[in-house]
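Notes follow the structure.
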Amino acid sequence: MTEPTPALQIRALSKVFALREGALEVLRDITLTVDPGEFVTIVGASGCGKSTLLRLILGLDRDFRGEIRVDGVPVTGPAADRAIVFQDHRLLPWLTAEANVAAALLNSPLDAETRAREVREHLDLVGLSKFAKAWPRQLSGGMAQRVAIARALVGRPRFLLLDEPLGALDALTRLRMQEELKRIVAHEGATALLVTHDVDEAVYLGHRVVVMQPHPGRIATILEVPPEARADRSSPAFVALRDRILGLLGVGAIEALAV
Amino acid sequence: MTLIHSSPAPVPFAPRTARALVQSLAPLGALSGQILLGLSFPLALLALWSLGAARGWVPPQILPAPSVVWQSFLDLCADGSLALHTNASLIRVAEGFALGATVGLVFGAAVGLVPALRAWVWPPVQAATRVNVLAWMPLLTLFLGIDEALKVVVIGWSVSIPVILATARAVGDVPATLRELGAVLNLTRAQRLRLIVLPQALPQIATGLREGLANAWQSLVIVELFASFEGLGYLMTWGRQLFQLDLVLVAMAVIAVLGFSLDLSLRAVERWLQPWQTGAGHGR
Amino acid sequence: MAGDLATPRSRDLRPILSFVFVLILWDLAHRFALVDPRFLPAPLDILTRLISELSAGTILSDLAATLRRNLLGFLIGAAAGVSLGAVLGASRRIGQIVGPTVVAQRQTALFAWVPLLAMWFGGGDSGKIAFIALAAFQPTVINTWRGIALVPEPLRELAASLRFSQGQYLRHVALPAAAPQIFTGLHTALIYAWLATVGSELFMNITPGLGGRLSEGSQMFEMDLLFLAIAIFGAVGLIYNSLAEALEAQLLKGHRP
Ligand SMILES: Nc1ncnc2c1ncn2[C@@H]1O[C@H](COP(=O)(O)OP(=O)(O)OP(=O)(O)O)[C@@H](O)[C@H]1O
Ligand SMILES: [Mg+2]
């Protein structure tokens, strides 16, 4: 009774796509609870429904079975307190980098001056102040992705959905952005759900790691990340957890689990 | 907790009534539901038109009642004049299309295959074709009079232009990969034409022909409005002179229906000619 | 259109030379009396006529009257086309109800509307402008509708995730995404409207304008005037086409991925 309302509560969630060739079951019986301020990462084979899960949580698709609640309220559609970084950066090609970020504030109550400052600060945060006036086609894949991250963060959402946000970045920028994400989520007290194919990233960022398995997409297991693993990438705890997850993602392990 | 979502959840923006309507049509299949929706608007217009005519909202010289138009349609059918005019128009379109398609295919292929023609003859011809046949019509009457010859030439002219363009381009720009294939297989020039150049050109040529037919129909109306004593365009001109809008509307409707069916049938021919494009094939 | 055919290679002078040859042949045919000048005027006759018409100012005032009608009709038709197209594209339901009628209307031969519009609006300026507007309306409405209705799903999702209103969606996502296709529609509309302008001047009442001069040349057997009018008709069409192409390239520059 005294426990706080979970930031996210998913219960017995199933998703089926009706295709011409028949029904395609993409998610089966997903149950997951995320506490406020928690950082949860999701790993799993390509096609196991990770992006689909994020789209359902955001409320882009309301055709599903089961229950999704954010702050105790069933999701009925996108809301200001939830932001997403799509797997493809999805910048509007006819808007500059700056205007793309500002687009997230079109419906915000802030005054114009504050908005402009927020946009500037967030472009600065992702290291792209010099490219504020650039068109998306003039940006590299990694730069475009960082603009998309700035766009998601600029509204200071309480819930962040991140679909492989660092996938196209070079190794160094990637490490820097991981630090930033971790810092921002902790600093703003936001709740984050991050999909990644990089197991190191999943362990380093997440309080918990959700391991999914495909056909249909299910949660294979959820692993707690010990604080010392989260703090230090070379700690034995980090290495052990990473190897365990890699094992789980390996073909033999998945088949063993599927029994 | 009884707040379990049932599937599918309601779509937020669709008005419930429209949704219910579509769902009640579900047994007919989604396609026929769409067709009914598409028909609802013209039917509503028709109803409004009838109502307006019955209440006398618009004077009959501006818009006669649908029943009057229908009656003139029946009259024109009964005394055979509609068949006469339609027949005259269709023959013109057929002759003009045949002329334009033949000239277009031959000239287009020549331009596409012979670089010298492309360089020396094509540019002035292209400049002339850029000017719509409509503007040439007053000139053509001086050479051809205002009888059948004028009509067939004007229609043929408008048909030939897209056919020439499509044929010349399709035959002239064989992709390098296919040209290399011809070389690798050691095909003779005739074999290359038959096995590579023509089949890969066919879709574009078919599109050109379909565009030509659309043009034929447009210029039929143009040339019949310009000068004629029979044909659907003449029927309209005549109705306008008599201030009989019902005749004008009947002729418009026939022109619309025939033009639409011509396009549909040419699309069907196009599919039949290129079974490899649809994937279904017809057993070859 | 056929750019590859028109310009086979850069620095290829043959296309230009071919025009010169045609002119020379044309002129020679006259000098050796191979053609009847009553049917085919010499190239120089047309130029002479142009100069006399220009100095009298007649052809310019005719052209001005024609262009005025043309632009007015085009603006009305294009504005109506873009607006209706945006509504059809933004609301799937309205698109399903009204769209088929618009498509069917497009299949009707354009000039079949001339007698009806002439009776409704009269054969004078308003009838002509109504017809020109209709010619411009058809391609604009269809292309705007298609362009907006076919905005890629990812962009719609983005708009939903940023909670854009319908208006914000149209302004920031749908219209820019559909811009290339809307321009295609406007480009076609410009050409059609020009055709309709001359057509309306030929088929409706005689009023000052290029089409009137065209009929005059034909009826009075003034071949130099007739050829001059045809050339002006072609030239304006060409200018419209190049203007539209240049404008399209300019406006869409930088706005494409
Ligand atoms: N709109 C859709 N219609 C039909 N099937 C879909 C749709 N979206 C996704 N799918 C299917 O759902 C499955 C899961 O897709 P999803 O994009 O969620 O995978 P993912 O785990 O994000 O993969 P990746 O790691 O490659 O991004 C795939 O088999 C895909 O084909
Ligand atoms: Mg994905």
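General observations
- Taking Cα centre as origin and charging only the Cβ of basic (Lys, Arg, +1) and acidic (Asp, Glu, -1) residues, the dipole magnitude of chain C rounds to 1020 debye.
- For peptide C:151-159, the mean count of partner chain Cβ atoms within 10 Å of a residue's Cβ comes to 4.
- Neighbourhood charge, 15 Å Cβ-Cβ cut-off, centred on A:Asn107 and excluding it, Lys, Arg +1 and Asp, Glu -1: +3
- GNM flexibility winner over chain A from A:Ser129, A:Ser235, A:Ser51 (Cα, springs under 10 Å): A:Ser235
- At least 40 Å² accessible surface lost relative to isolated chain, residues of the range A:67-109 (1.4 Å probe): A:Glu67, A:Arg69, A:Pro78, A:Arg90, A:Leu92, A:Pro93, A:Trp94, A:Leu106, A:Asn107
- With all protein chains kept in place, the per residue accessible area of the range B:38-134 amounts to 52 square angstrom at a probe of 1.4 angstrom.
- Alpha carbon centroid spacing (whole Å) that separates the range C:144-177 from the range B:121-135: 41 Å
- The contact residues of the range B:227-249, meaning those that lose at least 50 Å² of 1.4 Å-probe accessible area when all protein chains sit together rather than their chain alone, are B:Arg240.
- Of all the options C:Gly57, C:Gly127, C:Gly185, the one that moves most in a Gaussian network model of chain C with Cα springs shorter than 10 angstrom is C:Gly57.
- Taking a straight line from the alpha carbon of A:Lys15, these lysines sit under 26 Å away, with near neighbours fewer than eight places off in the same chain left out: A:Lys50.
- C versus A: buried accessible surface, summed, Å² (probe 1.4 Å, to nearest 100): 2000 Å²
- Accessible surface comparison of B:Trp238, C:Trp113, probe 1.4 Å, protein chains only, largest first: the order is B:Trp238, C:Trp113.
- Dimensionless Rg ratio for the range A:23-93, taking C-alpha atoms and the 2.2 N^0.38 Å reference: 1.17
- Solvent exposure ordering (accessible area, 1.4 Å, most first) of B:Thr237, B:Thr177, B:Thr188: B:Thr177, B:Thr188, B:Thr237
- Expressed as a whole percent, the accessible surface of the protein assembly as shown that belongs to carbon and sulfur atoms is 65, based on a 1.4 Å probe.
- Computed over Cα pairs, the Kirkwood radius of the range C:52-255 leads via Stokes-Einstein (1.002 mPa s, 20 °C) to a diffusion coefficient of 116 µm² per second.
- With helices as the sole contributors, the protein assembly as shown gives -21000 deg cm²/dmol at 222 nm; each DSSP H run of n ≥ 4 counts as -39500 (n - 2.57), and the sum is divided by every residue.
- Average projection, convex hull of the Cα set of the range A:6-134: 10.3 square nanometres.
- Chain A - Rg and Dmax from Cα coordinates, angstrom: 18.5, 59
- Residues of the range C:219-236 that bury at least 40 Å² of accessible area once all protein chains are present, compared with their chain alone (1.4 Å probe, heavy atoms only, ligands and nucleic acids left out), are C:Ile230, C:Phe233.
- Largest accessible area first, the residues B:Met137, C:Met119 order themselves as C:Met119, B:Met137 under a 1.4 Å probe with ligands, DNA and RNA left out.
- What chain C shows is 46 Å² of accessible area per residue, with the surface traced by a 1.4 Å probe over protein heavy atoms.
- Cross-link reach list, aspartates and glutamates versus A:Lys133, counting only Cα pairs under 20 Å and skipping chain neighbours closer than eight places: A:Glu98, A:Glu113, A:Glu118, A:Glu121, A:Asp124
- Straight Cα distances below 29 angstrom link B:Lys151 to the lysines C:Lys128, with same-chain residues fewer than 8 positions distant left out.
- Heavy-atom accessible surface that B and C bury in contact, both chains counted, 1.4 Å, Å² to 100: 4800 Å²
- Neighbours of A:Ala18 by Cβ distance under 14 Å: Lys/Arg scored +1, Asp/Glu scored -1, total -1.
- For the range B:66-273, relative contact order (Cα pairs under 8 Å, six or more residues apart, normalised by length) works out to 29 percent.
- Chain B: C-alpha pair distances exceeding 32 Å, %: 49 percent
- Gyration tensor (Cα) of the protein assembly as shown, equivalent ellipsoid semi-axes in angstrom: 62, 32, 27
- Rounded to the nearest 10 Å², the accessible area of B:Lys151 at probe 1.4 Å: 10 Å²
- The residues of the range A:168-209 expose on average 39 square angstrom of accessible surface per residue, using a 1.4 Å probe on protein heavy atoms.
The values are calculated or read from the model by the stated rules, or taken from the named source; none is laboratory data. Just so we're clear, the structure is a prediction, and the values are computed from it rather than from any experiment. Using ideal geometry, Cβ is built from the backbone for each residue, glycine included, and neighbour counts are taken over all protein chains shown. When the accessible area is computed, the model is the full protein with side chains, heavy atoms only, and any ligands, DNA or RNA have been set aside. Shrake-Rupley method; radii C 1.70, N 1.55, O 1.52, S 1.80 Å.
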